[in-house]
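In what follows, a single structure is set out as structure tokens and then discussed.
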Amino acid sequence: AMRGHKGWEAQWTSPEPRKEYDVIIVGGGGHGLGAAYYLAKEHGITNVAVIEKGWLGGGNTGRNTTIIRSNYLYDESMDIYEHSLKLWEGLSQDLNYNVMYSPRGVMMLSHNVHDKQSFQRHVHANRLYGIDNEWLTPQQAKDFVPVLDISATARYPINGAALQRRGGTARHDAVAWGYARAASDRGVHVIQNCEVKGIRRGPDGAVTGVETSKGFIGAKKIAVSASGHNSVILSMADVKLPLHSVPLQALVSEPMKPIFPCVVMSNSVHAYISQSDKGELVIGAGTDQYNSYSQTGGLQIITHTLDAICELFPMFRRVKMMRQWGGITDNTPDRSAIQGVTPVPNLFVNCGWGTGGFKATPGSAHLFAHLIAKGEPHKLAAGLTLDRFRTGRLIDEAAAAAVAH
Ligand code: FAD
Ligand code: PYC
């Protein structure tokens, strides 16, 4: 700003597409850009393009409430989310870019006997697996978040809470920018404003490239990581995915002085809240109950969430809201992601992160790069393949997904 916003260096190059790449990644969110970075850094594969129809991070990466945690129930999930949490802990140093990871603690409120049994099951499962999670009494919860109403007459009484202290938040668009810069520095092409409109295949059925708004671009391998639009893109290669796309909304308040020290989630009453470093309350809701590609969402969903926030934190009743938006989430029937090969040779997919994939960004990207490079999943992602919907070996994380679906 002292230079009058003149003379800033571009953080990544914006080249014209080559005729052909070894790997094309569709989707310039954190997962796609991160996969490109790890392909270059850990597998020496640099003839890579990330193709984004809009701007980097303009999808769910830049629209989410940035909650990071690894307190899931099943081994397959704990493996990948804890792998991711460990990468978050060193990500700013690795990328030489401040992603503002802030392990301020994620607290999940319990309001009834069912919540308590379910969360305590998660606490025990996590601790047995070596992941931090602890059970708090209502008073201990209030000591951690003094503005919480734990009175017996509260509309949503609180009978305890689960706290993961290593959980927290990060700066969403810094994650996209940090990965983009680091990938570009290693030779990856980052191509924005370029929509993938088709997938071309050869006589043997294997992919040969993508049709885009900038013309045909050849590729030996194609890796799709396009969140709410994964099923649309995979259908271009006649692959049907077990996904449905629904909007999820968030909003921010006017800025205020530091008042809210951690992240609080209330799954039963459909609200979650933290305070950004700019001072805004960052608040999120449940999903719309119908499929849609509109990045807005239903008014009744977000007003219900604000009702819940005002009941849990009465002192926020007069705070003004500044902005609201939605993102399109791709959800699987068991609320766990899919990362794997597809029936089409050399076409890979990373999808189904639904309402909870921001926290997974570094871990998912790291393991997706392994899959693309080696042609088979890393052992930490081995349970997330597409064929679990054929074998029935589902990973039901509906409770840990923590957002009303
Ligand atoms: P994206 O960032 O969406 O990137 C995919 C990209 O693909 C987009 O930029 C899109 O433009 C591009 N694309 C689509 N179609 C095409 C095409 N045809 N050609 C080229 N490019 C294309 N997760 C958490 O862990 N914690 C949270 O607190 C949390 N809160 C959320 C709150 C909201 C309101 C929303 C919407 C989501 C939330 N999530 C949260 C989920 C999380 O945001 C996503 O799972 C994650 O960010 C997905 O990242 P991504 O890189 O896969 O997708
Ligand atoms: O997965 O933790 C999460 C989450 C919080 C809000 C939306 N998703």
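Read the figures in this text as sums done on the coordinates, not as results from a lab. Computed from a predicted structure; not experimentally measured. Positions of Cβ are backbone-derived with ideal geometry, glycine not excepted, and every protein chain shown enters the neighbour counts.
Remark: segment 289-405 carries a charge dipole of roughly 280 debye about the Cα centre, counting +1 on each Lys and Arg Cβ and -1 on each Asp and Glu Cβ. Just check the chain against the gyration tensor rule for me: Cα atoms, a ≥ b ≥ c as the square roots of the eigenvalues, rounded for a/c under 1.5, and otherwise prolate or oblate depending on whether a/b exceeds b/c. Prolate shape, in that a/c is at least 1.5 and a/b is the bigger ratio.
Computed extension gain for T391 through K374, at 0.36 nm per residue and net of the alpha carbon distance, reaches 3.7 nm.
Projecting the Cα atoms of H229, G59, T137 onto the charge dipole of the chain (Cβ charges, centred on the Cα centre) puts G59 farthest toward the positive pole.
Measuring from label point to label point, each 7 Å out along Cα→Cβ, what is the Q11 to K320 span in nm? Each label point lies 7 Å from its Cα, and together they span 3.0 nm. Work out the charge dipole of the chain with +1 on the Cβ of Lys and Arg and -1 on the Cβ of Asp and Glu about the Cα centre, then indicate which of Q164, L251, T153 is farthest towards its positive end. Value computed over the given set: L251. The gain in end-to-end length when the Q93 to Q300 segment is fully stretched comes to 70.3 nm, 0.36 nm per residue minus the alpha carbon separation. Helical content alone sets the calculated 222 nm signal of the chain at -8500 deg cm²/dmol, taking -39,500 (n - 2.57) per DSSP H segment of four or more residues and averaging over every residue. Distance from the alpha carbon centroid of segment 61-117 to that of segment 223-249 works out to 24 angstrom. Remark on segment 326-405: hydrodynamic radius 13.1 angstrom, per the Kirkwood mean of 1/r across alpha carbon pairs. In terms of the mean number of neighbouring beta-carbon atoms within 10 Å, the peptides 31-41, 134-144 order highest first as 31-41, 134-144.
Before anything else, pin down the relative contact order of segment 271-405: Cα pairs under 8 Å, at least 6 apart, normalised by residue count, whole percent.
Reported relative contact order: 23 percent.
Compare A152, A226, A337 in a GNM of the chain, Cα atoms joined below 10 Å, and give the one with the largest fluctuation. Largest GNM mean-square fluctuation: A152. Looking at this model, which pairs from K6/K359; K53/K86; K19/K53 are more than 26 angstrom apart at the alpha-carbon? Table pairs above 26 Å Cα-Cα are K6/K359; K53/K86. Summing Cβ point charges (Lys, Arg +1; Asp, Glu -1) relative to the Cα centre of segment 54-205 gives a dipole of roughly 280 debye. For segment 264-405, the square roots of the Cα gyration tensor eigenvalues, ordered a ≥ b ≥ c, give a/c of at least 1.5 with a/b greater than b/c, which places it in the prolate category. Here the relative contact order of the chain, from alpha carbon pairs under 8 Å that lie six or more residues apart, stands at 23 percent. Subtracting the Cα-Cα distance of V232 and S151 from their residue separation scaled by 0.36 nm leaves 24.4 nm. Once both labels are positioned 7 Å from their Cα atoms along Cα-to-Cβ, the gap between D204 and H124 label points is 5.2 nm.
Might you report the magnitude of the Cβ-based charge dipole of the chain about its Cα centre, with Lys and Arg at +1 and Asp and Glu at -1, to the nearest 20 debye?
For this selection, approximately 500 debye.
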